[in-house]
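Have a look at the structure below before the remarks.
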Amino acid sequence: MLELVKYVMLRDMAKPKQNPLRPSDPIALAKLVGDIATGQTRDSQISPLPDPTPDEVRRVMSMLGKVGGKAGGKARAKSLTKQQRIDIAAKGASARWGKKKV
């Protein structure tokens, strides 16, 4: 799972293939980069990334939830009063073991 998260996060940083149309002279390359950044020319090498599939999104969000969820429950328990915890537990117990609707 961690590999998938790394893939999704790092695919934006993937190096594009070398373009033979780019100048080899550093000064000319700097000018080209400036022109692309200011919108004076269009970079033919930039192509939009494909949208992630729903499965990729689901896996990444699941991993992020597992990372934050471990600390979130403890923080929530600390912030609740004793009566609030009792009410939440009673509601959960009735939902699990209460009468089943036919």
Kindly list, by first and then second residue, each pair from a residue in the range 48-66 that is closer than 13 Å to Glu3 by Cα to a residue that is part of a helix (DSSP H, G or I) and modelled with pLDDT of 80 or more, limited to pairs with Cβ atoms under 7 Å and residues at least 6 apart or on different chains.
none
Return yes when Lys74 is at pLDDT below 75, on the phi < 0 side of the Ramachandran plot and over 13 Å from the mean Cα position of the chain (by Cα) and no when it is not.
no
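The values are calculated or read from the model by the stated rules, or taken from the named source; none is laboratory data. Everything quoted here is computed from the prediction, not taken from an experiment. Cβ sites come from the backbone with ideal geometry, for glycine too, and all protein chains shown count toward neighbours.
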